[in-house]
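Here the structure is laid out as structure tokens; the discussion comes afterwards.
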Amino acid sequence: MQNFSPNTLFVGQQLIFLPECASTNTVAHELLNKNRATDGCVIVAGAQTQGRGQRGNSWDVEPDKNITLSVVLKPTFLEAQQQFSLNIAVALAALDLIRDYLPVGASLKWPNDLYYHDLKLGGILIENSVSGRFLQHSIIGIGLNINQVSFLHPRASSFAFIGGEQLPLPKLVDQLLENIERRYLALRGGAHNAQKQEYLQHLYRYQEWHPFEVNGEKITGQIVGVDAAGRLALLVEQKLQFFQFQEIKYLFG
């Protein structure tokens with residue numbers, strides 16, 4: 001899984017492949033601390049032993065069957081209050097890849113999960129560093145289930161499980177990195193609003209009534225948007241409420 005050749009200007013031009021590591025995000029932090037990570041540096045792992053997801057959840061994958069990587073970006077053009085726009089751009093890049101192989105049924109579950117109908121294909125974890133009003137650097141961890149077909153979690157799935165065929169991982173990594181660069185450059189060019197509207201169009205359960213859990217209580221709400229800070233806007237009993245991702249939980253039937 002080492003034959004990577006993304007057709008990019010800078011994303012993945014410094015690419016480090018590790019057969020195994022604790023976490024690609026941790027490796028990216030170490031490289032940044034040593035001033036050894038260029039803008040667009042990518043760390044790809046065949047296996048992660050301590051992969052992390054949202055809410056501190058672990059990300060368990062079989063070795064050499066999935067995409068586990070981190071991208072270092074230096075989005076100094078973004079103000080701290082705009083940082084969710086980077087999440088949106090990266091999520092759309094991952095969705096672009098999914099839709100190339102599974103064109104019907106893919107969506108983005110707020111804030112950064114990648115879904116196929118009600119099944120989770122992967123997730124994104126972005127860790128930002130802020131200097132003054134602006135972002136200094138961002139470490140973007142992405143996990144995508146590709147060729148693994150057996151999962152402990154009943155709601156997990158993969159490209160191969162859904163599509164019925166094994167896929168070449170290096171090719172998909174290249175495509176993902178190309179998508180990230182394209183979406184990132186569009187964001188840098190001012191596509192904030194256009195990308196947000198596209199994100200909403202593909203948002204899981206958008207403008208539908210569903211159950212959620214807030215403070216241990218079950219509520220019914222309708223997702224109506226995401227604000228500039230990345231909070232989920234939910235209509236509950238005719239009142240608009242906003243939630244950080246730690247404050248609300250999706251419920252499934």
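The values are calculated or read from the model by the stated rules, or taken from the named source; none is laboratory data. Note that this is a predicted model, so its numbers are computed, not measured. Using ideal geometry, Cβ is built from the backbone for each residue, glycine included, and neighbour counts are taken over all protein chains shown. Areas reflect the complete protein model, heavy atoms only, side chains present, ligands, DNA and RNA absent. Shrake-Rupley method; radii C 1.70, N 1.55, O 1.52, S 1.80 Å.
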### Query
So what is the relative contact order for segment 87-127, in percent, with contacts set as C-alpha pairs under 8 Å and at least six apart?
30 percent
### Dipole magnitude (debye, nearest 20) for the chain, charges at Cβ of Lys, Arg, Asp, Glu
360 debye
### Query
Got a number for carbon plus sulfur as a percent of segment 135-225's accessible area, 1.4 Å probe?
47 percent
### Query
aspartates and glutamates near Lys239 by alpha-carbon distance under 16 Å, same-chain residues fewer than 8 away left out - which ones?
Glu208, Asp227
### Task
Normalising by the residue count of segment 194-234, find the relative contact order in percent from Cα pairs under 8 Å and 6+ residues apart.
28 percent
### Task
Find the accessible area per residue for the chain; the probe is 1.4 Å, ligands and nucleic acids are left out, and the unit is Å².
47 Å²
### Query
Using the scaling law 2.2 N^0.38 Å as the reference, what is the normalised Cα Rg of segment 195-253?
1.07
### Query
Using just the C-alpha positions of the chain as equal point scatterers, what log10 of I(q)/I(0) does the Debye formula give at each q in 0.09, 0.14, 0.16 1/Å?
-0.38, -0.94, -1.24
### Task
Convert each backbone phi in segment 109-125 into a coupling constant with the Karplus relation 6.51 cos²θ - 1.76 cosθ + 1.60 (shift: θ = phi - 60°), then list the ³J(HN,Hα) values in order as whole Hz, x for Gly and Pro.
8, 4, x, 8, 9, 10, 10, 10, 6, 9, 10, 8, 9, x, x, 10, 10
### Message
5 Å is the cut-off here: which amide hydrogens, built 1.01 Å from N in the peptide plane, fall below it relative to Phe17, excluding neighbours closer than 5 in sequence?
### Response
Val44
### Task
Would you work out which of Ile67, Gln238, Leu9 lies farthest towards the positive end of the dipole of the chain, given +1 charges on the beta-carbon of Lys and Arg and -1 on that of Asp and Glu, about the Cα centre?
Gln238
#### Entry: Charge-dipole axis of segment 1-147 as Lys and Arg at +1 and Asp and Glu at -1 on Cβ define it, positive-most pick from Gly143, Thr76, Asn87
Thr76
### Task
For segment 119-168, state the semi-axes of the equivalent ellipsoid (square roots of 5 times the eigenvalues of the alpha-carbon gyration tensor), sorted largest first and rounded to whole angstrom.
33, 11, 7
## Note on the structure
Computed for segment 166-213: size of charge dipole around the Cα centre, +1 on C-beta of each Lys and Arg, -1 on C-beta of each Asp and Glu, debye to nearest 20, value 160 debye
### Query
Which far-off residues, 5 or more places away or on another chain, put their amide H under 5 Å from the one on Lys109, with H placed in the peptide plane?
Leu114, Tyr115, Tyr204
### Query
What is the set of long-range amide H partners of His137 at a cut-off below 5 Å, with H atoms built 1.01 Å from backbone N?
Ser129
### Query
Which whole number in µm²/s is D for segment 1-123 by Stokes-Einstein, with the Kirkwood Rh taken over Cα pairs at 20 °C and 1.002 mPa s?
137 µm²/s
